[in-house]
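Worksheet for the structure shown next.
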Amino acid sequence: MSEEKRTLAGRRSFNSKVLDLLWGNSLLKRILASTAESGSMCHAYIFEGPHGSGRHTAALMFSLTAACGADTFPCLACEACRKLKEGISPDLITVSPEGDKKTLGVEAVRSIAESIYIAPNDLDVKFYLIPDADNMTIQAQNALLKLLEEPPRGVYFFILCESAANLLPTVRSRAPLIKMQKFADAELAGLLVRHDKNAAKMSESDHTGFMRCVRLADGSVGRALELIGSKKSAAATSLFERTESFFRLFSSTGAEARAKFTSFVISLSEDREELGEILSLITSAARDLIAVKGNSPVPPLFFADSASAEELAGKITTRELFAVARYAEEARADLMANANVYLTLAALAARLNSISR
Ligand SMILES: [Zn+2]
């Protein structure tokens, strides 16, 4: 920031319009507003949340606030604001793994160290965005720690992760941790209908499909919009249908039905991410059925239509449902730990068949 701007800083005022870029997240917004008003932005922030939870938008809001020189800032209209919003500012540097590598290694952090003292191109400040910090190696995190300890003036880091538990405690201690808000299904549905035309339209024309997208989004706005605005809503429907078929086949008895069930489970999905979603739906649906059997007043998460839930619940015992929920959850955990998709499914099928019926 130039000397002139710095002396003006006291008279500048924060433009709260920037907060409209993100839905919900009132705590994050309070932090940004008070940081801006006091001119005390930290040199690094950790934004924690799943894909689609608004972490990039949060980093954008902080970068606009730090970069804009207007009296009412961020003005959202000057060249600095415009370039940052369009993602074309050369002074916002994204640090990602090289090529098709999955982990972010120490060499990537070394390249930050090499460029960190070079003056910004057209802003007064410079940003480093690390979008998948979960994938940083320990060595890379240790190298990053050195940079976080004494960054040059005007340099800011935005560290995005799914879980801050994947970061070294020393790295975590160097930057405030901001957790992105996870919305409850009803809240998310309301926000979508109010703010997004496609969502409002879908909620009218295909309410079941709309609620399925909401359910699959698991509290994340970006993920819900992705599902609704694309052919993926058809894919969402197919995931729900496969989950229902799973329970229908599981509830049928006889050797032939068993064999059919086994081959169905083994071919649930070849895609890791999609399979993870189906397994999480199976767990939710099993819990719904347990609740139905116990006459719980809790609204079902999976079954939009309570008649089909009651029919299925009548055919499967509570003990069996607990086992299904547990095995599906364990299979999902195995997948997250990078287990082979086919082997995970084969093991799941064997465990499900071991439940005496
Ligand atoms: Zn501006």
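Here are the numbers:
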| quantity | calculated |
| --- | --- |
| Approximate spin-label separation ALA119-ILE88, in nm, with each point projected 7 Å along Cα-to-Cβ | 2.4 |
| The stretch 56-214 shape via C-alpha gyration tensor axes, a/c threshold 1.5 | oblate |
| Relative compactness, the chain, computed as alpha-carbon Rg over 2.2 N^0.38 Å | 1.18 |
| Net lengthening on full extension, GLU37/ARG326 (0.36 nm per residue, minus Cα-Cα) | 99.1 nm |
| Label-reachable residues, the stretch 15-38, where backbone N falls under 17 Å from a point 7 Å from ASP71's Cα toward its Cβ | 15-16 |
| Cross-link partners of LYS201 among lysines (Cα-Cα below 23 Å; sequence separation of 8 or more within a chain) | LYS231, LYS232 |
| Cα centroid separation - the stretch 324-357 against the stretch 252-310, whole Å | 13 |
| Space enclosed by the convex hull of the alpha-carbon atoms of the stretch 166-281, per residue, Å³ | 151 |
| Lysines whose Cα lies under 25 Å from that of LYS179, excluding same-chain neighbours fewer than 8 positions away | LYS17, LYS29, LYS85, LYS102, LYS126, LYS146 |
| Fewest-first ranking of CYS213, CYS68, CYS78, using other Cβ atoms within 10 Å as the exposure measure | CYS78, CYS68, CYS213 |
| Net lengthening on full extension, MET336/ARG272 (0.36 nm per residue, minus Cα-Cα) | 22.2 nm |
| 0 to 90° range, to nearest 10: angle between helix 232-251 axis and the chain longest Cα axis | 30 |
| Residue order, fewest to most surrounding Cβ atoms within 10 angstrom, among THR103, THR253 | THR253, THR103 |
| Where labels lie 7 Å past Cα in the beta-carbon direction, separation of ALA235 and HIS51 in nm | 0.9 |
| Residue order, fewest to most beta carbons within 10 Å, for ILE93, ILE282, ILE178 | ILE93, ILE178, ILE282 |
| Cβ-placed point charges (K, R +1; D, E -1), dipole of the stretch 182-230 about Cα centre in debye, nearest 20 | 40 |
| Extreme residue, positive dipole direction of the chain, given options SER40, ALA313, GLY99 (C-beta unit charges) | ALA313 |
| Percent breakdown of C-alpha pair distances by 5 Å bin, ordered from the shortest bin, for the stretch 74-154 | 3, 14, 23, 21, 17, 13, 7, 2, 0 |
| All-pairs alpha carbon distance profile, the stretch 1-108, 5 Å steps from 0, percent | 2, 11, 20, 21, 20, 11, 8, 5, 1, 0 |
| Shape category assigned to the stretch 229-300 from the gyration tensor of Cα positions, a/c cut at 1.5 | oblate |
| Acute angle (nearest 10 degrees) that the helix 207-217 long axis makes with the longest principal axis of the chain, alpha-carbon atoms | 60 |
| Rounded if a/c under 1.5, otherwise prolate or oblate - the stretch 225-357, Cα gyration tensor axes | oblate |
| Rg to Rh, two decimals, where the stretch 182-230 supplies the alpha carbon set and Rh follows Kirkwood | 0.89 |
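Just so you know, all these numbers are worked out from the coordinates, no wet-lab data involved. None of the values given here were measured: they were computed from a predicted structure. In this analysis, Cβ positions are derived from the backbone assuming ideal geometry, glycine residues included, and neighbour counts consider all displayed protein chains.
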